[in-house]
Structures are given as C-alpha cells and as structure tokens.
Amino acid sequence: MSNIRSYEERLKGFDWSVSREVLGWTEGELLNIGHMCSDRICANGGADRTALIWEGFGGKKQTYTFDDLRVHSNAFAKLLQDQGLEPGDRICIFMDKIPSLYFSFLGILKMGGIAQPLFSAFGDESLEVRLDSAGTRAILTTQKHVKKVRKILDRLPELKHIIVVEGNEAKLKDGEVFFDVEAAPRVEEFDSFRAEPESPSVLHYTSGTTGQPKGAMHVHSSVWGQVLTASWVLDLRPDDIYWCTADPGWVTGTSYGIIGPWALGITQCVLDSGFTSKRWYEFIQDNRVTVWYSAPTAIRSLMRDGEDLVRAHDLSTLRHLASVGEPLNAEAVIWSEKAYGLPFHDTFWQTETGAMMIVNYPGMPIKPGSMGKPFPGIGAGLLDLETQEPVDEPGKVGLIAFRPGWPSMFRRYWKKPDIYRSKFAGAADDAMPDELRTDESLWYVSGDRASVDKDGYWWFVGRDDDVINTGGHLVGPFEIESALVEHEAIAEAAAIGKPDDVNMEVVKAVVTLNPGFEPSGDLELSIMNFIRKRLSPLAMPQEIEYVEKLPKTRSGKILRRYLRALEWGEEVGDLSTLEDD
Ligand code: 6R9
C-alpha cells in the first residue's frame, strides 16, 4: 500500500502516536532500539527477510537476514556484558562500514550501553577529544584502525576495553580482545536491556563554532521520530531495497542507515568502498535499489559525470530519491529529474534533531531549491536575527527554530548543560535539560538561517555561525585551529570555509608563522598532512594563506567572519570591533 497522502491530510489531527500504528506496536512491548531492529522483526515473521546486503572493496559481497542480525547483535551484546560493561557505559564504534559495525551498534543498545559511533577516517587527535569528553569505557575497532587508539590510550584512563573485530589476532597487544562475530558461536538468546523511553541510546559528536565538538545524546524513544519520517518521507515500503549512502559516524548513517529502516523491517544496502559514479550506479543496478538517500556533494559529482553514464546502467528500479546534509541546489533537483526521471527530495535536519524536520515529501509539489515544509508535529518557526522574536513576513531571513518536544530531539550535550541551555531561546538561567526539552514555550535554535515563502516553503540561506560544511560534514574551526597551532611553524591560525563547486565548502587556513619559518611548498604539504593525520581528511586545509597578522576583535578573538566574507566576496559588515592598529 502506498504511504503517500497529501501534506494537508497528514497534518490534520497529527499525533506522534501514529508512529506506533505504523509499526503495529502495542504498549508493554520492549522499547529497545537494538531489539526493535532485529528480534522484533523476527518475532513478527521477518526472520528470513534480508536485512543487509553489504559490498566492500574489490567486490566482496555478503548478505544477512534479520535472524543473522539478531544473532550477531546478541553476540556483541553478550561479549560486552561478559567484559563487565554495564548499561549507561559509553561504547565507541570506530571502524569502516563493515557488517560488524551494524551488528555491534545494535548489540550495544541491546545491553543498555550508549553507542558512540565515530568516523573511521578520524585521526588520533579527533578520536582522543571525543573519547575523553564522553569518558568512553570501551572501543570496538579493527586492526586497520587500532593503532590510532594505542597512540592515545595512556591519556584516556577511563578507556578500559579495546575490542578488535577484524584483522589478525596474532598482531594484537596485551589486553586487547579479539572477536570475530562470524567465527564465534551463535548466541540465540539475549535478554535485552529494559530501556525506558528516556534511556540514553546514541551519542553523536558534532562541531560548533567555539570549543571542541559536543556529544549530542539521544534516547531509545527517538525511534518514533525516525520510524515515522522513514515511512512518510523516505516512503519506505516492505518490498523496498533501500540505500542510505551515509556513514554511521554521522547522524544520517544511524537514524536512517540503521534505526528507522530496520525498525520497519526494510532491506538495506551498504557500500563500503570509495566513491566513483560508475561504482555507485553498478551498486544500484546490481542490488535493484528502489529508495536512495544521499547528499548534495555526491549528487553534484554524479551530475559532473553526466547522463551518458546514467544511461549505461539499468537504474529502472529506483522509485524515490532524497537528500540531506547541505543545501541541495535547484539545478541538482532539475538534473536528477531529467537523468533518473525522479527528483531528489531535499530534507533538512541536524545531529541535534535526530530526525528530519523540514522535508519535501512524496505527494507534495517540489519547488526546486527549497527544503520543503516542516514535518507534521514539528513546530517550526523563524526568529529574528537580532531579537530572536518570531518573524512572519514571507521572504524575510531568520533563524530556523523548533518548539521542543519532538520524539527524536537530543536530550543533552554530554556533560555540557550550559551549552545545551544556550541553544534554547527564552530559557531561564537555571533551567535543567529535562525542563528544556519539554517546555513548548521555548525555541530550540538550530544555528541555520532560512526564509519562508508565501506558500509556506522553506529556503535555506546559510549557517549563523562559523562551522564549515564540507561535503555534508560539519567541521569545527576551533578544532582545526587548535591542531594548526600545534604545528611547529604556526604561530596563529584561523580556519574558514572557502567555496568549492562540488563540496560546497572546503577548509582554508589563514596563518601567521613563527620566527625562522618561511612559506614554501614543503611547509604547505607538511601542514596539510599534519592536519589530515591528526584530525581527518575532511579537516585538512585545501589552501593555506600566510599573513603577517590576523584580524582580531579588541578582546583578541580572531575575526573569522571577516576572513570568510573576504573569501566569499561578501559584505564585510560592521568592523567596529576590529582591533585598532
Ligand atoms: C543530518 C545532518 C547539520 C547541518 C545543518 C545545516 C546543514 C543539513 C541541510 C543542510 C541545507 C539541507 N544541513 N541538511 N543545509 N539544506 N537540506 O546533516 O546533521 O551533520 O548535524 O549537520 O547541516 O547547516 O545545521 P549534521
């Protein structure tokens, strides 16, 4: 049966409880995402359905049923329990998109742990900052990535367990545990943790303008938001073969690459190999993908490789396309309609929101370039840039904000109550996280700017802060600057986004050098490699500009906004706070 209803019809008398109806869920059933994505599907007759079609480098392919998912996640849950780990412990997953990533994610949730997925391309410094912040007790990784963990272990007293799930057991160090889930005995039964709706589930780190990245904490009842949006916006139906291209190190890869679709019992595909347009089209063709959720950077790369390549493949199984992570330009929507016969449907949301907030959903006419309209049940508003008062004028730019209380909303920033509070307009100075997340008189302020047209369609304008969005991944300037000044040649540094045709933005560093250092090609390479290894390839500056002096405010803060405006050829704005010469 089709999920498609008109926007107006969906809005009428909307209540989040329809999400329970979509799942056929009855009160008293176990609310544990790990259980709901595997055991529950099996118990409802889905044990032999395909859960995961996985392909790796070199064409390696594996297929797993929901029963395999159940048994393998049980095995991880039991292993973690046997290691002495307990509900509430933060357990990091640090690996490529291999099958064990998916099994262990569900396994952690089954034993009540908090899953902390981190992007496997992170270098040791990015890893250390996030493990230290979360007080992570255990890390699941592979032989390929364990070296980065060993390097920082001394500085992480709370990290007690290193579990290596792929590679050569003989190469492990003392104290490391090897666990190959497919070679291990099947674990048929596991009594999943009786999660409460508010029990923590997933901790995703996300970057802001100031300070180090913050851990957005989610809870088991987030599943209601993820299920309903996966059903209504991604339009997932029982026979679909669904491909979410995101890595679970980022929120899209967990909310819509694990939780929403599997709670619905949908077959998912995962491709764990580098991007080429040809490889992607082959993957869609070979696996008969029907629903595809991707990101504008990938779509622009596909566009660049042209329609001939599209025609050379049989993509006729595709039925519905959606996009997230960055602004989806109108040309990309129009091109996809021409090339695939289907438009990409833009969706807007954030790590903090846990699920889609402003969407183009099937059945709603698309205005190319617009993010669509708020999902039913989402109280979205635009706030004045200065006063934070609601703006109603069509076309006027304001801050995107949401009334608290949607199911998948983040419940706090890990151990950072003040920063959490600062995200809510109108919050009392002493408001506690639990009050903030339920107080519908407040606004959660997203940090993005948009306008709304007379038909109620939302148009993205830009971020309201200095965070850099490169290829749909957020990188924090502070994190890059802190790493840059650790390089022996660099005295001071600013990191800003510079325009890029495919990735929207790439990182640019503006630096002053220490005495005795001169700009050179070798120095540039050395700085780039330094950041790539310590942080990640995403954070690596694509350009380094050397200056005598960085522009600063009177209080000594580097004026990134000014540098960014120069880079983008925009109005420089009010420079009254600029330091006097
Ligand atoms: C899901 C995810 C969130 C930030 C967000 C905004 C940008 C996401 C967008 C979009 C324009 C869209 N963003 N979707 N910008 N149009 N459809 O991406 O989470 O990694 O936390 O990034 O990404 O700036 O605030 P996250």
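The values are calculated or read from the model by the stated rules, or taken from the named source; none is laboratory data. The shown structure was predicted, so the numbers you read here are calculated from the model rather than taken from an experiment. Glycine also receives a Cβ, built like all others from the backbone with ideal geometry; neighbour counts cover every protein chain displayed. Note: areas computed on protein heavy atoms with side chains; ligands, DNA, RNA excluded. Shrake-Rupley method; radii C 1.70, N 1.55, O 1.52, S 1.80 Å.
Using a 1.4 angstrom probe with every protein chain in place, what is the largest-first accessible-area order of Phe193, Phe530?
Largest accessible area first, the residues go Phe193, Phe530.
Over region 468-568, what is the relative contact order in percent, taking alpha-carbon pairs closer than 8 angstrom and at least six residues apart? Walk me through the numbers on the way to the answer.
Numbers: 164 pairs, mean separation 28.2, N = 101.
RCO, region 468-568: 28 percent.
R0 = 30 Å: FRET efficiency of Arg554 with Arg532, Cβ-based, nearest 0.05? Don't skip to the answer; put the middle values down first.
Numbers: r = 35 Å, r/R0 = 1.16.
Approximately 0.30, to the nearest 0.05.
Quick check: from the Cα gyration tensor, does region 490-577 come out rounded (a/c under 1.5), prolate or oblate?
On the way: a/c = 2.10, a/b = 1.22, b/c = 1.72.
Verdict is oblate for region 490-577.
Can you give me the long-range amide H partners of Glu543? Hydrogens built in the peptide plane at 1.01 Å from N, cutoff under 5 Å, separation of 5 or more residues or another chain.
Sorted by chain and number, the residues that satisfy this are Ala509.
Okay, helix-only estimate at 222 nm for the chain: each DSSP H run of n ≥ 4 adds -39500 (n - 2.57), divide by all residues, round to 500 deg cm²/dmol; what do you get? Before the final figure, lay out the partial values.
Details: 19 runs with 157 residues, N = 581.
That calculation yields -7500 deg cm²/dmol at 222 nm.
I want the antiparallel fraction of DSSP beta bridges within region 189-332, as a percent rounded to 5. If you can, show how the numbers build up before the last one.
Numbers: 5 of 15 bridges.
Antiparallel bridges: around 35 percent, rounded to the nearest 5.
Using +1 at the C-beta of Lys and Arg and -1 at the C-beta of Asp and Glu, which of Leu321, Phe348, Asn469 has the Cα lying farthest in the positive direction of the dipole of the chain?
The listed residue farthest towards the positive side: Leu321.
Say each of Glu188 and Glu488 gets a label point 7 Å from the Cα, pointing the same way as Cα to Cβ; how far apart are those two points in nm?
It is 6.3 nm.
Taking the Cα centroid of region 440-494 and of region 24-79, what is the distance between the two, rounded to the nearest whole Å?
If you average the Cα positions of each part, the centres end up 36 Å apart.
Of all trypsin sites (Lys or Arg not before Pro) in region 1-40, which ones are in loop regions per DSSP and have a Cβ with at most 16 other Cβ atoms within 10 Å? Before the final figure, lay out the partial values.
On the way: sites: Arg5, Arg10, Lys12, Arg20, Arg40; in loops: Arg5, Lys12.
Of the trypsin sites (Lys or Arg not before Pro), the ones in loops of region 1-40 whose Cβ has at most 16 other Cβ atoms within 10 Å are Arg5, Lys12.
Given a Förster radius of 51 Å and the C-beta distance between Ile334 and Glu196 as r, what FRET efficiency does 1/(1 + (r/R0)^6) yield to the nearest 0.05?
0.65
Pop the C-beta distance of Ser520 and Ile152 into the FRET formula with R0 = 30 Å and round what comes out to the nearest 0.05.
On the way: r = 31 Å, r/R0 = 1.02.
Using R0 = 30 Å, I get an efficiency of 0.45.
Indicate, rounded to the nearest 5 percent, the antiparallel portion of the DSSP beta bridges found entirely in the chain.
Numbers: 48 of 86 bridges.
In the chain, DSSP labels about 55 percent of beta bridges as antiparallel.
What does the C-alpha gyration tensor say about the overall shape of region 372-496? Classify as rounded when a/c is under 1.5, otherwise prolate if a/b is larger than b/c, or oblate. Could you put the intermediate results ahead of the total?
On the way: a/c = 2.30, a/b = 1.43, b/c = 1.61.
Oblate shape, in that a/c is at least 1.5 and b/c is the bigger or equal ratio.
At 1.4 Å probe size, with no ligands or nucleic acids counted, give the accessible surface of Lys171 in Å², nearest ten.
The value for Lys171 is about 120 Å².
Extension gain Ala312-Leu172, at 0.36 nm per residue separation less the Cα-Cα distance, in nm?
Values: separation 140, 0.36 × 140 = 50.40 nm, distance 4.57 nm.
Residue separation times 0.36 nm, minus the Cα-Cα distance, leaves 45.8 nm.
How much net charge surrounds Ile41 when only the other residues with a Cβ under 13 Å from the Cβ of Ile41 are counted, with Lys and Arg +1 and Asp and Glu -1? Each step should come with its number before you reach the end.
Working: positive: Arg40, Arg49, Arg70; negative: Glu29, Asp39, Asp48, Asp67, Asp68.
The answer is -2.
Evaluate the distance, in nm, between pseudo-label points positioned 7 Å from the Cα of Val461 and of Glu393 along their respective Cα→Cβ axes.
With each label point 7 Å from Cα toward Cβ, the separation is 1.1 nm.
Based on the mean of other beta carbon atoms within 10 Å per residue, what is the order of 425-431, 518-524, most packed first? If you can, show how the numbers build up before the last one.
On the way: 425-431: 13.0, 518-524: 11.4.
In decreasing order of mean packing, 425-431, 518-524 become 425-431, 518-524.
Near Lys549, which aspartates and glutamates are there with a Cα under 13 Å away, not counting those fewer than 8 places off in the same chain?
Within reach: Glu492, Glu579, Asp580, Asp581.
Work out how much length Arg279 to Glu435 would gain on full extension: take 0.36 nm times their residue separation and subtract the Cα-Cα distance, in nm to one decimal. Present the calculation step by step, with values, prior to reporting the outcome.
Values: separation 156, 0.36 × 156 = 56.16 nm, distance 4.81 nm.
Extra length available between Arg279 and Glu435 comes to 51.4 nm.
Going by average Cβ density within 10 Å per residue, which order do the peptides 83-90, 294-301 take, highest to lowest?
Details: 83-90: 17.1, 294-301: 21.1.
With the highest mean Cβ count within 10 Å placed first, the list reads 294-301, 83-90.
Of the listed peptides 62-71, 330-339, what is their order by residue-averaged count of other C-beta atoms within 10 Å, with the highest listed first? Display every interim value, and only then the final one.
Working: 62-71: 21.4, 330-339: 17.1.
Top of the packing list down: 62-71, 330-339.
For the chain, what does the relative contact order come out to in percent, with C-alpha contacts under 8 Å and a separation of six or more?
On the way: 1241 pairs, mean separation 70.9, N = 581.
Normalised by residue count, the contact order of the chain is 12 percent.
For a test of the definition: using alpha carbon positions, the gyration tensor, and the 1.5 limit on a/c, classify the chain as rounded, prolate or oblate. List each step's numbers first, then the result.
Numbers: a/c = 1.39, a/b = 1.15, b/c = 1.21.
Verdict is rounded for the chain.
To the nearest 10 Å², what's Arg561's accessible area with a 1.4 Å probe?
Its accessible surface works out to 100 Å², give or take rounding.
Please report the antiparallel percentage of DSSP beta bridges with both residues in region 44-123, rounded to the nearest 5.
Values: 5 of 9 bridges.
In region 44-123, approximately 55 percent of DSSP beta bridges are antiparallel ones.
How much of Lys278 can a 1.4 Å solvent probe reach, expressed as accessible area in Å² and rounded to 10?
The accessible area comes out at roughly 110 Å².
Compute the distance from the alpha-carbon center of region 207-249 to that of region 355-432, in whole Å.
17 Å
Pulled fully out, how much extra length does the chain show between Lys12 and Asp501, if you take 0.36 nm times their separation in residues and subtract their Cα-Cα distance? Kindly include the intermediate steps, with their values, before the conclusion.
Values: separation 489, 0.36 × 489 = 176.04 nm, distance 4.11 nm.
Taking 0.36 nm per residue and subtracting the Cα distance, the gain is 171.9 nm.
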